[in-house]
Amino acid sequence: MNVERYRDPSLFTGLLEKAIPVLEHACESMGRKIRIMEVCGTHTVSFSKSGVRQVLSDFVELTSGPGCPVCVTDQTDLDGMISMGKKQETIVATYGDMMKVPGTHSSLYAERAKGADVRMVHSAAQAVQLAKDYPSKEVVFLSVGFETTAPATALVVMQASKEKVKNFSVYSAHKCTPPALEALIQDGHQIDGFLLPGHVSVIIGRKGWSFLEKHDHPAVIGGFEPLDLLASIYLLVQEMGKSRRQVVNHYPRMVKEEGNLRAQRVLAQVFTTEDVRWRGFGVLPESGLELAPAYAAFDAKCRYSLEESKSRVIQGCRCGEVIKGKESPLDCLLFAKACTPEKPLGPCMVSSEGTCSTYYLFEREGRA
Ligand code: SF4
């Protein structure tokens with residue numbers, strides 16, 4: 001696959017010339033800018049980093065949706081995960097972004113500073129290896145992510161089960177993306193079209209989004225290079241003009257109609273879908289991936305009693321609204337003042353794919 005083709009400035013300029021009259025016409029007929037939600041943290045970063053957000057800004061208002069797994073993790077889950085770090089003889093393993101996220105009373109970094117054994121890993125496989133390396137300790141892997149990363153977690157649970165690694169467990173905060181879009185639609189959002197996440201779509205396929213057709217909602221699956229971004233917006237606007245809308249797969253070099261069937265089988269074997277709480281949304285039906293009863297021995301939520309605490313979000317933090325695309329980070333009074341990537345108050349400023357950290361890095365000129 002030649003990715004450079006999707007970064008070719010001449011192809012981009014040629015398509016932009018073609019797209020502008022179409023975008024202009026759509027804005028004129030609506031009497032406002034086109035509102036598009038990108039449902040993927042990587043898209044949020046790509047739009048800002050590539051400058052495509054700026055190039056389209058006269059016509060398109062891009063809002064970020066629930067596309068950052070750390071950001072959508074509810075405060076109760078964060079507090080539960082942080083409480084794991086307080087257990088004796090326990091190693092807590094998790095991805096880097098999770099370390100800094102503030103819970104109600106603490107963070108994993110703060111617990112580590114107090115002596116907890118909290119380790120950053122780059123993969124689920126590293127976490128199970130830790131359990132093998134330290135057989136006298138309990139290793140709890142704090143796992144967040146959408147359909148993209150959940151198969152890797154499922155595989156290590158299967159491996160731990162097969163190899164009888166008894167001191168390993170997973171605290172799963174994995175989530176499925178489609179229920180969040182369904183919730184946004186039911187909520188009567190003001191979005192003209194969804195740019196669907198390419199990575200998630202690799203797993204669930206175009207078919208995984210077909211429920212959007214029932215709502216007749218314009219949606220395009222897109223890639224992450226500048227040409228992908230522009231072409232996806234162009235296609236979305238064309239879909240908006242049709243009487244019957246289909247979910248368009250504009251990332252066929254990676255996304256198949258049925259998705260990755262092997263990954264889907266692994267997910268179905270290890271996880272069950274449960275109603276779980278999302279930041280900003282509340283409880284969404286069948287939106288969480290919890291370990292199936294056959295793997296309960298590896299489920300940290302079954303193995304350990306979690307500390308009961310009253311979780312609360314930081315006063316003034318608008319992450320819940322930012323995740324639903326109802327507010328921009330620039331609307332938050334704490335943005336770039338009390339809340340910065342060095343001292344984040346909410347998860348959207350922590351994660352490298354969080355909307356607030358992306359806006360802090362690329363979009364805050366004259367606002368700080
Ligand atoms: S700027 Fe900080 S406090 Fe405000 S919404 Fe974003 S993460 Fe929350």
(request) Please go through the range 68-98 and pick out each residue that is closer than 22 Å to Thr44 by Cα and aliphatic (A, V, I, L, M). (result) Val70, Val72, Met98
(message) Among the listed residues Thr94, Thr104, identify the single one that is of a type in the set (Ser, Thr, Tyr) and surrounded by fewer than 17 Cβ atoms within 10 Å (Cβ to Cβ).
(response) Thr104
(message) Could you check the range 323-364 and list, in sequence order, the residues that are within 9 Å of the ligand (Cβ to nearest atom), part of a loop (DSSP other than H, G, I, E, B) and over 22 Å from Leu108 (Cβ atoms)?
(response) Glu327, Cys332, Leu333, Ala336, Lys337
(request) Considering only residues that are of a type in the set (S, T, N, Q) and modelled with pLDDT of 95 or more, look in the range 228-260 and name the one that is surrounded by the fewest Cβ atoms within 10 Å (Cβ to Cβ). (result) Asn260
(message) Scan the range 186-201 and tell me whether some residue there is modelled with pLDDT of 95 or more, more than 30 Å from Val128 (Cα to Cα) and assigned to a helix (DSSP H, G or I).
(response) no
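Residue-wise test of (1) among the charged types (D, E, K, R); (2) in contact with a strand residue (DSSP E or B) (Cβ under 7 Å, 6 or more places away or on another chain); (3) at pLDDT below 95; (4) within 11 Å of the ligand (Cβ to nearest atom).
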residue	(1), (2), (3), (4)
Val283	no, yes, no, no
Glu286	yes, yes, no, no
Ala294	no, no, no, no
Gln315	no, no, yes, yes
(request) Report, ordered by the first and then the second residue, all pairs with beta carbons closer than 8 Å, sequence separation of six or more or different chains, a first member in the range 309-332 that is on the phi > 0 side of the Ramachandran plot and of a type outside the set (D, E, K, R), and a second member that is more than 8 Å from the ligand (Cβ to nearest atom) and assigned to a helix (DSSP H, G or I). (result) Gly325/Leu184
(request) Kindly list, by first and then second residue, each pair from a residue in the range 245-265 that is under 26 Å from Thr153 (Cα atoms) to a residue that is surrounded by fewer than 18 Cβ atoms within 10 Å (Cβ to Cβ) and modelled with pLDDT of 95 or more, limited to pairs with Cβ atoms under 6 Å and residues at least 6 apart or on different chains. (result) Glu257/Lys207; Glu258/Lys207
(request) Among residues belonging to the range 202-227 that are more than 19 Å from Leu56 (Cα to Cα) and of a type in the set (A, V, I, L, M), point out the one that is surrounded by the fewest Cβ atoms within 10 Å (Cβ to Cβ). (result) Val202
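The values are calculated or read from the model by the stated rules, or taken from the named source; none is laboratory data. Worth saying up front: this structure is predicted, and the values here are computed from it rather than measured. Backbone-built Cβ (ideal geometry, glycine too); neighbour counts: all protein chains shown.
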